[in-house]
Structures are given as C-alpha cells and as structure tokens.
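The structure under discussion appears below in the form of structure tokens.
The values are calculated or read from the model by the stated rules, or taken from the named source; none is laboratory data. Everything quoted here is computed from the prediction, not taken from an experiment. Here Cβ is always computed from backbone atoms with ideal geometry, including for glycine, and neighbour counts include all displayed protein chains. For accessibility, only protein heavy atoms count, side chains too; no ligands or nucleic acids. Shrake-Rupley method; radii C 1.70, N 1.55, O 1.52, S 1.80 Å.
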Amino acid sequence: MVEPAVTPLKERYWEIDAVRGISLIGMIFFHTIFILSVFHIIDGSVWVWVCSYIEFGTAIFVIISGMALVLRHARMADKPRKDYYLAIVKRAVEIIIIGVAVAVICSVLIYFFIGDGRYMYFNFLQMMGVCMLISIPFLRFGKWNFIPAVLIFILGLFLETLSGPAFLMPFGILPDGFMPRDYFPFVKWLGVMLLGVGLGSVFYPHGFRRFSLPKANSVAKALAVVGKYPLQIYLIHLPVIGAVVFLIVVISGLLGFPIGYI
C-alpha cells in the first residue's frame, strides 16, 4: 500500500553535518598517529594514549548516523516506505562491500609492513553497514528505541567478555589471544545506532528540528562540508596520509636524519 504523498524535508541541518565532520577529523588524527607510530616517527605511547579515545569518537559518529536515518526518512516522505528501506539496504550493502575490500587491502599491507599477525577483521565500515541493515525493523519505533538500544548495548558488552571460535568475531566474541586491527563488533554499536534513532525521533520529529539554533559560522560551515562526505573521506584519507608519511621516511633517509627525531 502506497502511503499518502507529503512534502519531503529539503533542509539539511548544519549541526548534524558539523558534528559528523568533527568525528571525521578525529578519525583522520587517529589514523595519522597510527601510521606515524608504524614508521617509528613518533613514540608508540602516543598511539596508546589516542586509542583510549577511539570509542568515544566512534560513538558520536554512530549516534549521528542513527539520527541521519530519521532525517533520511523525512527527505523521502513523498515516496512509499519500502523505497526508504530499500535505499538503506542499498547503502548498507555498498558500505559492507567497500569495508571488505578495505579489510583485504589493509591486511595485505599489514602483512608486509608490520607482520605481527593482527590483521583487519570486521572493520568500522562493515560494522556500520550491518548496523544499518539490522536497524531497519526498529525504525518504526521512533523514540521507543531507547529501550532496545540499552538492552542491545548491554548484550554487546557481555558478548565481548566471552571467547570462542573465529566465526563469532562479528558479535564481539574473540578467539583466545587474538585481537584484530580496526575491530568493531556490531552488537554493541547497534545499540549505539538505535540510541541515535531514538534521539533523532525526539529532537527531529518527522525530520523537523524542534529547537532553534543560530546560523552556522564559518568554522561550523567548514565542518559541515567535511561531514557531508564521510565515506569518501574515509577511503581517501588513509592512502593520502600513508603516501605523505612514506615520503617523509624516504626523504629523511636520503638526508640522513634519524627518523625518530623528526
């Protein structure tokens, strides 16, 4: 049954894109520190310190992504609900496929440059795609998603205390003594995404902001521009940072500088 046509939301809220932009900049900083530590340009303790903030930054991004699902529905309000769900499925599958490709490429690079056996498995993109798919049946519950969000998050935390065979790794259950790189088991983060869906339903009911904000200043506008292209930035920033750091290593070697002091 086709739902009655209504006027879709056309406005794009700068605060959503700006917060997502901040989290993307944090991701770029995080991966820059990682690559610098791999080439021993900085001390490994800096990398350990940055790691303590990873989950906080990830949570912000995932919450915003859950809120974006609510806004996406408002922008497709003149279309049947099934078209909205199919659009999420298409995007989620695309993200999962790209995530698998990234995992394979990065694992090959880890093998040649690091060789510690800690390969990439079920990375951030794969987690996001799976969470988007599983969120679909929950979207109709709106603000009531706070309840399953908390329960699923607690379940995810519990699963991460267990150990088991490798095929359970997407759920947070790791084999004894193994910790992959860029690992994001989806159960806990599904709870975080549903929290975002609930928040989106409260603060942006039917896609319309229920509170007032001043116009974005130049900094906020710049952050919002960054936040509009999360997937593109995710894919581009790693090879760019890697290439720059590699050039630093090569040039420092040619000039005879001790790399650890650059």
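Note on M128: accessible area is roughly 10 Å² with a 1.4 Å probe, heavy atoms of protein only. Extension gain for the segment R118 to V245, taken as residue separation times 0.36 nm less the Cα-Cα distance, is 43.6 nm to one decimal. Here the dipole of the chain is about 1060 debye; that uses its Cα centre as origin and unit charges on the Cβ of Lys and Arg (positive) and Asp and Glu (negative). Accessible surface area normalised per residue over the chain is 55 Å², counting heavy atoms of protein chains with a 1.4 Å rolling probe. Once the chain from H206 to V46 is taken as fully extended at 0.36 nm per residue, the excess over their C-alpha distance is 53.2 nm. Listed by chain and number, the aspartates and glutamates whose alpha-carbon sits under 18 Å from that of K10, ignoring those within fewer than 8 places in the same chain, are D78, D83. In the stretch 131-262, a dipole from Cβ-located charges (positive for Lys and Arg, negative for Asp and Glu) runs towards its positive end, and of L235, H206, V187 it is H206 whose Cα lies farthest in that direction.
Ordered from largest to smallest accessible area (heavy atoms of protein chains, 1.4 Å probe), the residues Y84, Y53 come out as Y53, Y84.
Using the Cβ-Cβ distance between L213 and A87 with R0 = 30 Å, the FRET efficiency computed as 1/(1 + (r/R0)^6) comes to roughly 0.65. Each part gets one Cα centre, and for the stretch 56-120 versus the stretch 121-174 those centres are 13 Å apart.
Among the listed values (i) 1, 6, 10, 12, 13, 13, 12, 10, 8, 5, 4, 3, 2, 1, 1, 0, 0; (ii) 1, 6, 11, 15, 17, 16, 13, 9, 6, 4, 2, 1, 0, 0, 0; (iii) 1, 6, 12, 15, 17, 14, 9, 7, 5, 5, 4, 3, 2, 1, 1, 0, 0, the one computed from these coordinates for P(r) over Cα pairs in 5 Å bins from 0, in percent is (ii). V46 contributes an accessible area of around 60 Å² to the protein surface, as traced by a 1.4 Å probe with all chains present. Each residue was assigned an accessible area with a 1.4 Å probe, and for Y204 the value is about 10 Å².
Under a point spin-label approximation (7 Å from Cα along Cα-to-Cβ), what is the L168-L235 distance to one decimal in nm? So the label points at L168 and L235 sit 3.5 nm apart.
Figure note: C51, C131 ranked by solvent-accessible area, largest first, 1.4 Å probe, ligands and nucleic acids not counted: C51, C131.
Translational diffusion coefficient of the stretch 108-262 (Stokes-Einstein, Kirkwood radius from Cα pairs, 37 °C, 0.692 mPa s): 171 µm²/s. Over the residues of the chain, the helix contribution to mean residue ellipticity at 222 nm works out to -22000 deg cm²/dmol, using -39500 (n - 2.57) for each DSSP H run of at least 4.
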